[in-house]
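A short worksheet on the structure shown next.
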Amino acid sequence: MNTQKIIGVDIGTTGCRAVIYQQDGTTVGSKSVEYPLYTPQAAWAEQDAEEILQGVLVVLKEVIAEARLAPHDIAGVCFSSVMHSMIPVDAAGHPLDRMQTWADSRGQDYIEKIKASHDADSIYFKTGCPIHPMYPLFKMIWLKNERAEIFSRAVKFIGIKEYICHHLLGKYLVDESIASATAVYNIHARTWDKDLLDMVGITADKLSEILPTTHIERSIKPEIAAMLGLAPDTAIILGASDGVLSTLGSGAVNPGQVTAMIGTSGAVRMITNKPQADEKQRTWCYNLAGDTWVLGGALSNGGVAFRWARDKFATTEQRVAANLGLDTYEILGRYAEQKPAGCEGLIMLPHFSGERAPYYNANSRGVLFGLNLNHGKRHLIRATLEGIIYGMFSIFKSLEEVAGAVNEIRVGGSFTRSKVWVQIMADVFGRTIHVPGEPEGSAFGAAVLGMYALGIIGDLKEVEKFITIKETYNPNEDNKEIYQKLFGIYERIYWNLQKEYEEIAEIQRNWKK
């Protein structure tokens with residue numbers, strides 16, 4: 001077997017990592033770094049594109065150096081990236097504003113105007129993207145109306161991976177996976193949609209050139225290559241989005257297999273061989289490679305909600321954990337284990353950032369329901385974990401309606417470190433849950449896609465030979481019964497608060513600090 005290595009780079013929401021793989025799928029080295037998220041006001045979620053770029057360069061340089069690889073040892077670098085980001089850049093490629101991330105929903109007011117003036121249904125069925133302000137289509141419309149000077153100066157509107165590729169290669173290139181998550185890309189014509197470009201008021205040259213996820217470039221800027229420890233002609237594979245690559249990295253590539261992951265956000269996904277839409281517009285459809293697509297839905301409030309609970313209610317636990325060399329989340333997991341399934345009737349809707357699937361309601365807000373004098377911190381911690389899983393289950397139910405019966409669920413993301421949390425998922429879903437042995441998810445998926453692009457493997461389904469199942473969780477039937485009752489209440493709480501969500505979101509957006 002060729003001894004050259006593949007590097008999978010995962011550009012995430014709160015940090016990035018580079019993982020080196022041998023061609024048999026084993027890990028050689030890994031490096032990660034974090035960067036900040038800025039939330040200057042309600043509904044805004046921004047990042048500095050330059051901070052992320054520097055993070056990517058650092059992890060690549062350090063992982064190559066620590067593994068003591070020579071340039072000729074590396075067959076290629078393939079990129080995974082968060083979706084839905086938008087950066088206006090000038091002629092020199094410099095950002096004109098902070099990057100709006102997937103979690104930014106400031107364009108909600110324009111969603112309502114578009115629904116009133118355009119055929120919103122046609123946007124969904126052409127793009128596979130439900131109507132929600134996370135998509136760059138609506139971010140650009142907000143910028144045009146609220147920051148007209150920046151909009152007019154922008155030479156390009158790009159995502160974070162395009163920004164990084166431009167730095168490495170001097171070209172603006174976007175893969176079909178990221179493009180299909182913009183709400184500007186027609187998944188049937190497989191090009192930028194002219195009607196949607198007209199809606200924004202731009203032409204196609206304001207966006208990047210669309211290429212397959214397996215597209216290879218061998219023209220790294222010499223000074224960048226030297227700094228990273230790469231040869232200038234090392235293969236740079238464009239790669240895909242983190243969501244679809246997480247699915248690939250789990251090995252769930254056959255009909256009836258589903259991947260559920262919780263990191264900062266959360267998602268439930270399934271591979272399909274054609275673009276597929278939901279008549280109720282609850283699921284999205286993004287490209288993986290060629291005629292392989294991923295159908296699914298994503299939460300805005302996954303691990304970020306657990307982090308909120310940690311930061312707001314567990315400062316003492318954080319100090320104790322630091323002194324004992326423990327992970328604060330491990331302590332909080334023990335708290336959750338000490339309370340019964342259903343938290344004695346406490347239900348949380350952790351919609352702190354609005355919510356995406358299956359509701360696509362940027363006005364939705366967090367709700368703690370059923371609180372009484374018996375409830376304490378430990379109940380709140382468990383209710384947070386349960387509330388996130390209720391959201392995941394609502395997506396799972398939608399996906400089964402659209403794509404058919406599910407016969408296997410595989411899970412990934414940081415939540416798999418918590419046995420109690422994965423068991424809650426098994427109990428709420430009422431299904432057996434499998435945890436694959438590959439922990440890196442999107443980075444591994446990127447490496448597998450890179451191997452496919454380079455011809456090292458002949459079919460994406462060969463990922464199965466790299467994957468083992470390390471843990472299996474079966475549902476507790478008593479807990480399952482309790483959760484079925486509480487999930488019904490969870491859904492009714494959401495639907496009964498539509499007017500109140502709208503009003504409180506309006507108050508928060510206009511709050512004078």
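Between Gln276 and Leu211, what is the spin-label point distance in nm, taking each point 7 Å from the Cα along the Cα→C-beta axis?
With each label point 7 Å from Cα toward Cβ, the separation is 3.0 nm.
Under the classification rounded if a/c is under 1.5, otherwise prolate if a/b is larger than b/c and oblate if not, where does region 136-287 fall, given a ≥ b ≥ c as square roots of the Cα gyration tensor eigenvalues?
oblate
Quick one: plug the Kirkwood hydrodynamic radius of region 5-244 (C-alpha pairs) into Stokes-Einstein at 25 °C, 0.890 mPa s, and report D in µm²/s.
Working: Rh = 18.3 Å.
D, rounded to a whole number, is 134 µm²/s.
Using the basic label-point model (7 angstrom from Cα toward the beta carbon), what is the Asp90 to Glu502 distance in nanometres?
In this crude label model, Asp90 to Glu502 measures out at 4.2 nm.
Classify region 305-352 as rounded, prolate or oblate from the Cα gyration tensor: take a ≥ b ≥ c as the square roots of its eigenvalues, call it rounded if a/c is under 1.5, otherwise prolate when a/b beats b/c and oblate if not.
Details: a/c = 3.00, a/b = 1.56, b/c = 1.92.
In terms of gyration-tensor shape, oblate.
Of the cross-linked pairs Lys280/Lys499; Lys339/Lys461; Lys312/Lys499; Lys31/Lys280; Lys5/Lys156, which ones have a Cα-Cα span greater than 30 Å in the structure shown?
On the way: Lys280/Lys499 21 Å; Lys339/Lys461 41 Å; Lys312/Lys499 28 Å; Lys31/Lys280 41 Å; Lys5/Lys156 34 Å.
Long pairs (Cα-Cα over 30 Å): Lys339/Lys461; Lys31/Lys280; Lys5/Lys156.
Counting other C-beta atoms within 10 Å, and keeping those with at most 16, which DSSP coil GluC sites (Glu not before Pro) do you find in region 215-307?
Working: sites: Glu217, Glu223, Glu279; in loops: Glu279.
Those satisfying the criteria are Glu279.
Would you work out the charge dipole size for region 5-244 about its Cα centre, treating the Cβ of every Lys and Arg as +1 and the Cβ of every Asp and Glu as -1, and quote it to the nearest 20 debye? Don't skip to the answer; put the middle values down first.
Numbers: 22 positive and 31 negative charges, 31 e Å.
Here region 5-244 has a charge dipole of around 160 debye.
From a point 7 Å beyond the Cα of Arg417 in the direction of its Cβ, which residues of region 261-288 have a backbone N at a distance under 13 Å?
Answer for region 261-288: 263-264.
Could you point to the residue in Tyr473, Ile457, Phe487 farthest towards the positive end of region 446-489's charge dipole, with +1 and -1 charges on the Cβ of Lys/Arg and Asp/Glu respectively?
Ile457
Report, in deg cm²/dmol and to the nearest 500, the calculated mean residue ellipticity at 222 nm for the chain, where each DSSP H run with n ≥ 4 adds -39500 (n - 2.57) and the sum is divided by the residue count. Present the calculation step by step, with values, prior to reporting the outcome.
Details: 18 runs with 203 residues, N = 513.
It lands at -12000 deg cm²/dmol.
Going 7 Å from the Cα of Asn2 toward and past its Cβ, which residues in region 420-458 have a backbone nitrogen under 12 Å from where you end up?
It comes to 450-458, nothing else.
In whole Hz, what ³J(HN,Hα) sequence does region 83-100 give by Karplus (6.51, -1.76, 1.60; θ = phi - 60°), x for Gly and Pro?
9, 6, 7, 8, 10, x, 10, 8, 5, 8, x, 8, x, 8, 7, 4, 6, 7
Enumerate by residue number the GluC sites (Glu not before Pro) in region 334-439 meeting two conditions: DSSP loop (anything except H, G, I, E, B), and at most 15 other Cβ atoms within 10 Å of the site's Cβ. Working shown, then result.
Details: sites: Glu337, Glu344, Glu355, Glu386, Glu400, Glu401, Glu408; in loops: Glu344.
Hits after loop and neighbour filter: Glu344.
For region 205-250, what does the alpha-carbon gyration tensor say about shape, rounded, prolate or oblate, given a ≥ b ≥ c as the root eigenvalues, a/c under 1.5 as rounded, and a/b over b/c as prolate?
Details: a/c = 2.56, a/b = 1.42, b/c = 1.80.
Here region 205-250 falls in the oblate category.
So what does the Cα-only Debye profile of region 254-303 read at q = 0.14 Å⁻¹, as log10 I(q)/I(0), no solvent term?
-0.36
Specify the inter-centroid distance of region 78-134 and region 28-54, based on alpha-carbon positions, in whole Å.
So the two Cα centres are separated by 18 Å.
What share of the DSSP beta bridges in the chain is antiparallel, in percent to the nearest 5? Walk me through the intermediate numbers first.
On the way: 49 of 72 bridges.
Antiparallel bridges: around 70 percent, rounded to the nearest 5.
Calculate, in nm to one decimal, what Gln22 and Gln484 gain on full extension: separation in residues at 0.36 nm each, minus their alpha carbon distance.
Working: separation 462, 0.36 × 462 = 166.32 nm, distance 4.43 nm.
Taking 0.36 nm per residue and subtracting the Cα distance, the gain is 161.9 nm.
Out of (i) 22.0, 65; (ii) 21.7, 62; (iii) 28.7, 99, which label holds the value of Rg and Dmax of the Cα atoms in Å that was computed here?
Read-out taken from this structure: (i).
Read the figures in this text as sums done on the coordinates, not as results from a lab. This structure is a prediction, so every number in the text was calculated from the model and none was measured. So basically every Cβ, Gly included, is an ideal-geometry build from the backbone, and we count neighbours across all protein chains shown.
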